[in-house]
Amino acid sequence: MHEKILFFLKKEYILTLATSINNIPWCANCFYTFLEKNNSFIFKSDKSTRHIKEGILNNSVAGTILPTLIKEKEIIGLQLTGKFFIPENDILKIAKNEYYEKFPYARLVGGNFWGIKLLTLKYTDHRLGFGKKLYWESQN
């Protein structure tokens, strides 16, 4: 994965997750941590939420990440596709450690950990040149 994409993924922290059931789309914003070794996003959410219920029923998901601070003339962002999953065993242990390190206050709220295994990414950054895009695709 290109170093510019990795830097962006580690710097930012809000993922807009898109799910769908019966061709009816839904979006939810989630705080995330990125597990580089597994090319996965990990986030915490209650199992009763619509995006979790839909991710369990249809694990094909998409999403976007935008900079926390958006500058009007700089188009920067990332689009992704992936597979929704429930982290278990070692991945769950690593995910919890990294997530709580990034968001210590999240220990105070309920919810379960969920994941998105990346399939494709498209990163746009006009600071690299107008219309410049970087792509990544899973080899698995």
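Any read-out appearing in this document is the output of simple, stated calculations on the displayed coordinates, not a laboratory observation. Because the structure is a prediction, the values reported are computed rather than measured. Here the Cβ positions follow ideal geometry from the backbone for every residue, glycine too, while neighbour counts run over all protein chains shown.
Per this entry, Thr33 is counted among residues that are β-branched (Val, Ile, Thr), touching a strand residue (DSSP E or B) at 6+ places or on another chain (Cβ under 8 Å), crowded, with 18+ Cβ neighbours inside 10 Å and part of a strand (DSSP E or B). Looking at Ile70, Ile52, Ile116, just one residue is outside any helix (DSSP H, G or I) and either over 22 Å from Phe8 (Cα atoms) or touching a strand residue (DSSP E or B) at 6+ places or on another chain (Cβ under 6 Å) (or both), and that residue is Ile116. Per the listing Asp125, Asp90, the residue uniquely loosely packed, with under 12 Cβ neighbours inside 10 Å, over 13 Å from Tyr32 (Cβ atoms) and not hydrophobic (A, V, I, L, M, F, W, C) is Asp90. Filtering Phe8, Phe41 for residues that are crowded, with 16+ Cβ neighbours inside 10 Å, touching a residue at least 60 places away in the same chain (Cβ under 8 Å), in a helix (DSSP H, G or I) and not basic (Lys, Arg) leaves a single hit, Phe8. If I filter region 12-19 for residues that are closer than 19 Å to Ala106 by Cα, in contact with a Leu (Cβ under 8 Å, 6 or more places away or on another chain), among the aromatic types (Phe, Trp, Tyr) and surrounded by 14 or more Cβ atoms within 10 Å (Cβ to Cβ), do I get at least one hit? So far as region 12-19 goes, no, none of its residues is closer than 19 Å to Ala106 by Cα, in contact with a Leu (Cβ under 8 Å, 6 or more places away or on another chain), among the aromatic types (Phe, Trp, Tyr) and surrounded by 14 or more Cβ atoms within 10 Å (Cβ to Cβ).
Among the conditions (1) buried (at least 16 other Cβ atoms within 10 Å of the Cβ); (2) in contact (Cβ under 8 Å) with a residue 24 or more places away in the chain; (3) not acidic (Asp, Glu), Lys96 misses just one, which is (2).
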